[in-house]
Amino acid sequence: MGAPIVHLEFKSADFDRTAAFYAKLFDWRTEKNASSSYMKLDSSDGPSGGWVRADLVQAPGPIAYLTVDDLAGKLAEVEKAGGRVLVRSLPFAGGGEVGLFADPDGNVLGLWRRKAAAPGTDGKGTDGKGTDGKGTPPKAGEVKAAPASPAKAAAKPAAKAAVSKPPKKKK
């Protein structure tokens, strides 16, 4: 398989209710970020996952993230193939950048380009796999934005892009 799904994101209107539901059914453990805008799934097998606060999301369903080496190039391919680019690039704290697109049926997917290699490293992150050392890629709630609050800036640009035009590039 060329581009495996490495991360899945869902929305949640109530993190406590969501956490209790999945804990009861599947014994899943979750952890909220400091600003309570994101809750990650504590998992070591399969793709990483998490939930974005529902009021910060406008995507019609879950978002699957795929890794790519060339974000701009892949988004150009998306457009040529009949898809629509929603977000060209958002930086991820310590993890590179992401872009979002809609396929011809309106399904939203994310593309994640890993952080560039630092001199003397393998370029794949702290654990050699492009993750945070625990096997998890960056999450939407971890996007850095300045000077606004990182948590709110993290989810809103990507979420709003699902129903609006992509943001303009800074000059």
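Report the local net charge at ASP69: Lys and Arg +1, Asp and Glu -1, summed over other residues whose C-beta lies under 10 Å from its C-beta. Could the numbers behind the result be given before it?
Details: positive: LYS74, ARG113, ARG114; negative: ASP70.
With Lys, Arg at +1 and Asp, Glu at -1, the net is +2.
Using the Karplus curve 6.51 cos²θ - 1.76 cosθ + 1.60 with θ = phi - 60°, what ³J(HN,Hα) values do you get for each residue of region 20-32, in whole Hz, with x for Gly and Pro?
Couplings: 5, 4, 6, 5, 5, 6, 10, 6, 7, 10, 10, 8, 7 Hz.
Going through the cross-link list LYS74/LYS115; LYS11/LYS40; LYS40/LYS74, which pairs have a Cα-Cα distance over 18 Å in this structure?
LYS40/LYS74, as the Cα separations exceed 18 Å there.
All other residues with a Cβ under 9 Å from the Cβ of ASP42 taken together, and with Lys, Arg as +1 and Asp, Glu as -1, what is their net charge?
On the way: positive: ARG29, LYS40; negative: GLU31.
Its environment carries a net charge of +1.
Rg (Å, one decimal) plus Dmax (Å, integer) for the alpha carbons of region 3-104?
Considering region 3-104 through its Cα atoms, Rg and Dmax are 15.0, 45 Å.
The numbers here are math on the coordinates, done by the rules we state, and not lab data. Given the structure is predicted, the values throughout are model-derived calculations rather than measurements. Because the Cβ atoms are built from the backbone with ideal geometry, glycine has one as well, and the counts that use them run over all protein chains shown.
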